[in-house]
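Just so it is clear, none of the values below were taken in a lab; they were calculated from the coordinates. Just so we're clear, the structure is a prediction, and the values are computed from it rather than from any experiment. Don't worry about glycine lacking a Cβ; one is built from the backbone with ideal geometry, like all the others, and counts go over all protein chains shown.
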Ligand SMILES: [Zn+2]
């Protein structure tokens, strides 16, 4: 199965601020516009972090392609210095699929700091999640 990336919604950044910090009791809601139909995808970052996986989310064969697309270095840390986690999201309106890349830091037990580092469209024909 091939994995091909479409349009980027968000590219990783070394200086991006976390979207969620459980210590600051910030909201865990995050949204972005679908590149295909412009409707809004609503994410719950805590839920997303819980069901996110490592770079082998689309199969071990595709882990390198995912790390390469998001410029994740050989050390394997996310751009914010945390752990890279990935989840697939689907536009409820048009069915366009996205791979979401989170940086997850857990500085203390039970505290989550989540940075949304990347969002990319998955082209049809890509391996199923
Ligand atoms: Zn859509």
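Okay, which of the range 1-24 sit inside 19 Å, backbone N to the point 7 Å along the Cα-Cβ direction of residue 64? Taking a point 7 Å out along Cα→Cβ of residue 64, the residues of the range 1-24 whose backbone N falls under 19 Å are 1-5. Between the alpha-carbon centres of the range 73-110 and the range 1-56 there is a gap of 6 Å. The helix-only estimate of mean residue ellipticity at 222 nm for the chain, built from DSSP H runs of length n ≥ 4 each weighted as -39500 (n - 2.57), is -2500 deg cm²/dmol after division by the residue total.
Starting with the highest mean, order 23-32, 91-100 by the number of other Cβ atoms within 10 Å, averaged over the residues of each peptide.
Working: 23-32: 12.5, 91-100: 17.7.
Ranking, from highest mean packing down: 91-100, 23-32.
Decide, for the chain, between rounded, prolate and oblate: order the square roots of the alpha carbon gyration tensor eigenvalues as a ≥ b ≥ c, take rounded if a/c falls under 1.5, and otherwise choose prolate if a/b is larger than b/c, else oblate. Taking the square roots of the gyration eigenvalues as a ≥ b ≥ c, the chain is oblate.
Normalised by the number of residues in the range 5-122, what is the relative contact order in percent for Cα pairs under 8 Å and 6+ residues apart? Please report the intermediate quantities before stating the final value.
Values: 226 pairs, mean separation 40.8, N = 118.
Relative CO of the range 5-122 lands at 35 percent.
Between residue 24 and residue 53, take the C-beta separation as r, use R0 = 22 Å, and let me know the FRET efficiency to the nearest 0.05. Rounded to the nearest 0.05, the efficiency is 0.25.
Take 56, 22 and order them by how many other Cβ atoms sit within 10 Å, fewest up front.
Result, fewest neighbours first: 56, 22.
In terms of the Cα gyration tensor, with a ≥ b ≥ c the square roots of its eigenvalues, is the range 59-129 rounded because a/c is under 1.5, prolate because a/b exceeds b/c, or oblate?
On the way: a/c = 2.50, a/b = 1.50, b/c = 1.66.
Because a/c hits 1.5 or more and a/b fails to exceed b/c, the range 59-129 counts as oblate.
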